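Q: The structure under discussion is supplied below as structure tokens; questions concerning it will follow.
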Amino acid sequence: MKIKSLKQFKMMLTPPPDKSITIRAAILGAIADGKTTVINPLMCGDTVSTFNCVSNFADLSMDGGNIIVRRKKFCDCVMDAGNSATTARLLMGVASGRNNVVKFVGDRSLCSRNMRSTVQPLIKMGAQIEEERCPLTVKGGNLNGIDFVPSSPSAQVKSAVLLAGINAEGVTTVTETVQTRTHTEDMLKNFGANIVAVNSVVKVSRSELKGQDVYVRGDISSAAYPLVLGLLKGFCRTTNVCNKRRAIIDFFTRIGGDVTEIKKGEVSDIITQKSELKPFQISGGEATALIDELPLLACLAATIEGRSVIKDAAALRNKECDRIAVTAKNLSAIGVSVTETKDGLIIDGKSDVNYSGAIQTKGDHRIAMSFAVLLAAKGGGYIDDDKCVEISYPSFWELFL
Ligand code: S3P
């Protein structure tokens, strides 16, 4: 796909609904008693994978644009999580608590991803799992609560343990040293689980969930792409964005971005305008909070005069592809001075250089979208796979029409 370099970018849009929330709403609805309505769900590659998986043990139907979920009997089955690690990991937690045998399969990218950090605590709780990569079989049932301190931050791993914990004997405690997104504990609470979350400590015990209405708001990780175009090329206003995960708003402000947030309860309009940006360092908890945005921010760094450093982001190596290696390779291919480190990237950006060339996405949606933004803001070029954006942001290319 050819990306033209843009003279300017001026746009107002509502980003697609939140992927993490849609996935969790479908899963909790599928194990809850009664009816769950997922209002304004995201329809994309990953969420369709979730819907397919939960269809093994729940009835899903469309009502207008909403999805109605009602549980059926849990059963032995094969769950194909496609490209979605969130779907696979959360459902591994669910399957661990059932007296069933569930096989998890996925696409090539998912099957290459290490699941050890999810498998280990589930085994400790009593699940039988032999493999560390999909295809992987979970033989569940008779779980015990555990005290779990994740060795590296992951909302997916935390969520898998909490979802096992609602079917375990005793209390399951997850203590995070770096807090990750709280969507699972928040939603479990709304669904009536026995759960208490104080700062980074979450305690859960056996629970019967009650179906709920879940309204899904705009995904801030998707909004980040046009918002960066606003910072680089003119103006962008994203509306109805879920403001629970706010790290990107604080980050844009910290690096000198002209950002305005208009907060209306749980949603915000976020406005960015062309700005003089400063090089930056991202590390520690900020790297965790911005984990999905880091390839985009590495691309942004290429346009800012001076050295930017991203570290403490080793988790990027176990995403849809090795996002550190693939980002470095593509930046280098279009003329950016970049050094790959074990847990991040060092980028020596130039504000007055036009980067151009061909991008190899490895089928990774976030690589495709991040480099599309950089090429559109700079010299234009080519993206080898335009279809992969379907995984999280099917209407992404409309930004460039
Ligand atoms: C997600 C958690 C993050 C993130 C992913 C979505 C979630 O993964 O990268 O896109 O919905 O819980 P990790 O938990 O592996 O950090």
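Q: Which value at 222 nm does the chain reach when only helices count, each DSSP H run of 4 or more adding -39,500 (n - 2.57), with the total divided by all residues and rounded to the nearest 500 deg cm²/dmol?
A: Taken over the chain, the calculation gives -9500 deg cm²/dmol.
Q: Taking the full set of protein chains and a 1.4 angstrom probe, give the accessible area of SER61 in square angstrom, rounded to the nearest 10.
A: 60 Å²
Q: Which percent of the accessible area of the chain is formed by carbon and sulfur heavy atoms (probe 1.4 angstrom)?
A: 48 percent
Q: Over the chain, with the other protein chains present, what is the accessible area per residue in square angstrom, probe 1.4 angstrom?
A: 39 Å²
Q: Tell me, how many Å apart are the Cα centres for region 218-243 and for region 244-265?
A: 10 Å
Q: Multiply the residue gap between SER112 and ASP343 by 0.36 nm, knock off their C-alpha separation, and tell me the result in nm, one decimal place.
A: Working: separation 231, 0.36 × 231 = 83.16 nm, distance 1.92 nm.
Result for the pair: 81.2 nm of gain on full extension.
Q: Could you state how much accessible area ILE67 has, in square angstrom rounded to the nearest 10, with a 1.4 Å probe and all protein chains kept in place?
A: It works out to around 10 Å².
Q: Moving to a separate point now. Where Lys and Arg each count +1 and Asp and Glu each count -1, what net charge lies around ALA155 among other residues with Cβ under 14 Å from its Cβ?
A: Summing Lys and Arg as +1 and Asp and Glu as -1 gives +3.
Q: Could you tell me the distance between the Cα centroids of region 7-54 and region 134-169, to the nearest Å?
A: If you average the Cα positions of each part, the centres end up 23 Å apart.
Q: Still on this structure, I have one more. Pop a pseudo-label 7 angstrom from the Cα along the beta-carbon direction at both ASP386 and ARG70 and give the gap in nm to one decimal.
A: In this crude spin-label approximation the distance works out to 4.2 nm.
Q: Okay, moving on. Less than 14 Å Cβ to Cβ from PRO41, Lys/Arg counted +1 and Asp/Glu -1: what total charge do the surrounding residues give?
A: Once positives and negatives cancel, what remains is -2.
Q: Now a separate question. Indicate, rounded to the nearest 5 percent, the antiparallel portion of the DSSP beta bridges found entirely in the chain. Don't skip to the end; give the middle numbers.
A: On the way: 51 of 74 bridges.
Counting DSSP beta bridges with both partners in the chain, the antiparallel share is about 70 percent.
Q: If ligands, DNA and RNA are left out, what is the accessible area of ARG70 with a 1.4 Å probe, given in Å² to the nearest 10?
A: It works out to around 120 Å².
Q: Follow-up question, since we're still on this one. Length gain on complete extension for the stretch SER152 to THR253, per 0.36 nm per residue less the alpha carbon to alpha carbon distance?
A: Here the segment from SER152 to THR253 would lengthen by 33.6 nm.
Q: Taking amide H positions as placed in the peptide plane 1.01 Å from N, state which residues far from GLU169 in sequence (5 or more) or on other chains have amide H under 5 Å from it.
A: The list, which skips near neighbours in sequence, is LEU143, ASN144, GLY145.
Q: With Cβ to Cβ distances under 10 Å as the rule, what net charge do the other residues near THR288 carry (K, R +1; D, E -1)?
A: -2
Q: Another question about this same structure. Once you have all Cα-Cα distances for the chain, histogram them in 20 Å bins from zero and send the whole-percent values.
A: 29, 57, 14, 0
Q: Can you order the peptides 203-213, 155-165 by their average number of other Cβ atoms within 10 Å per residue, highest first?
A: Packing proxy ranking, top to bottom: 155-165, 203-213.
Q: Further question on the same structure: Hey, quick one: spin label on LYS278, modelled 7 Å out along Cα-Cβ, who in region 227-270 has an amide N within reach, i.e. under 17 Å?
A: Taking a point 7 Å out along Cα→Cβ of LYS278, the residues of region 227-270 whose backbone N falls under 17 Å are 249-259.
The values are calculated or read from the model by the stated rules, or taken from the named source; none is laboratory data. Please read these numbers as outputs of a predicted model, since none were measured by experiment. Positions of Cβ are backbone-derived with ideal geometry, glycine not excepted, and every protein chain shown enters the neighbour counts. Side chains included, ligands, DNA and RNA excluded: accessible areas come from the protein's heavy atoms. Shrake-Rupley method; radii C 1.70, N 1.55, O 1.52, S 1.80 Å.
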